[in-house]
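Contents: one structure, followed by commentary.
The values are calculated or read from the model by the stated rules, or taken from the named source; none is laboratory data. Bear in mind that the values here come from a model prediction, so they are computed numbers and not experimental data. Quick reminder, even Gly has a Cβ in these numbers, built from the backbone with ideal geometry, and neighbours come from all protein chains shown.
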């Protein structure tokens with residue numbers, strides 16, 4: 001298991017509510033709702049944006065024996081970083097590459113395996129400033145110290161107590177949000193939303209809960225960037241489809 005995967009799934013003890021209780025991540029297989037890999041797959045609806053060259057190879061930032069590859073949750077953040085990079089490296093053709101967070105973790109593993117000079121690739125997930133500030137305020141309200149928040153909060157996620165659930169094709173699921181305002185919108189659609197108290201935790205704590213729950217009852221709410229990418233993909237597919245009434249014959253079938 002690479003450093004990034006261990007960091008993503010390590011057990012953080014942030015103390016406060018039942019979600020944040022200090023419990024071991026690696027439970028006996030019989031006690032798991034789903035395997036670790038299946039829990040990570042739930043992050044497929046969370047796209048991240050990375051800087052890459054024109055061949056799609058990520059461009060990490062060297063720092064001593066560590067390579068830093070930020071995974072931005074907002075495309076605008078990555079675009080700003082791309083502009084700064086191009087100013088300092090005009091000879092390198094760079095782009096912003098979108099990847100589902102679960103796929104990004106796999107690529108980080110692959111890249112770490114390819115490093116032969118003792119260096120390590122670390123890929124922090126970069127949240128919006130306002131979401132981090134909201135998470136810090138919530139955690140401090142729960143009684144955590146500045147030191148506990150600084151050491152334990154890497155990638156904030158939000159939920160409610162009692163847990164807000166949404167109906168899915170697989171049944172009701174408890175929801176973790178990467179954006180505080182997405183949670184607010186969901187609460188605004190409920191008549192008894194005042195009974196649900198906003199909570200915050202690190203992504204690792206959320207993944208830990210998914211793994212150790214008795215049943216598969218959690219989901220991550222897709223970010224707006226996910227819906228934007230889906231829309232872009234649909235528009236591209238429509239452009240590629242032949243127009244109705246076109247005189248162009250379809251390509252011959254493969255032999």
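Determine whether residue 97 is surrounded by fewer than 20 Cβ atoms within 10 Å (Cβ to Cβ), under 19 Å from the mean Cα position of the chain (by Cα) and at pLDDT 95 or above. Show your work before the answer.
Numbers: surrounded by fewer than 20 Cβ atoms within 10 Å (Cβ to Cβ): yes; under 19 Å from the mean Cα position of the chain (by Cα): yes; at pLDDT 95 or above: yes.
Criteria met by residue 97.
For the stretch 144-255, which strands (runs of 3 or more DSSP E) that fit wholly inside it have 1 or more residues that are modelled with pLDDT of 95 or more and within 30 Å of residue 124 (Cβ to Cβ)? Full working, then the answer.
Details: elements: 156-161, 165-168, 171-176, 197-202, 218-220.
Strands (runs of 3 or more DSSP E) meeting the threshold: 156-161, 171-176, 197-202, 218-220.
What number goes with the only condition from (1) modelled with pLDDT of 95 or more; (2) surrounded by 20 or more Cβ atoms within 10 Å (Cβ to Cβ) that residue 105 does not pass?
In the conditions (1) modelled with pLDDT of 95 or more; (2) surrounded by 20 or more Cβ atoms within 10 Å (Cβ to Cβ), residue 105 misses (1) alone.
May I ask you to list the residues in the stretch 62-84 that are crowded, with 17+ Cβ neighbours inside 10 Å, outside any loop (DSSP other than H, G, I, E, B) and free of Cβ contacts under 8 Å to residues at least 60 places away in the same chain?
Step one: list which residues in the stretch 62-84 are crowded, with 17+ Cβ neighbours inside 10 Å, which gives 67, 69-75, 77-78, 81-82.
When the remaining residues are screened for being outside any loop (DSSP other than H, G, I, E, B), the result is 67, 71-72, 75, 77-78, 81-82.
Within the stretch 62-84, 67, 71, 72, 77, 78, 81, 82 meet the criteria.
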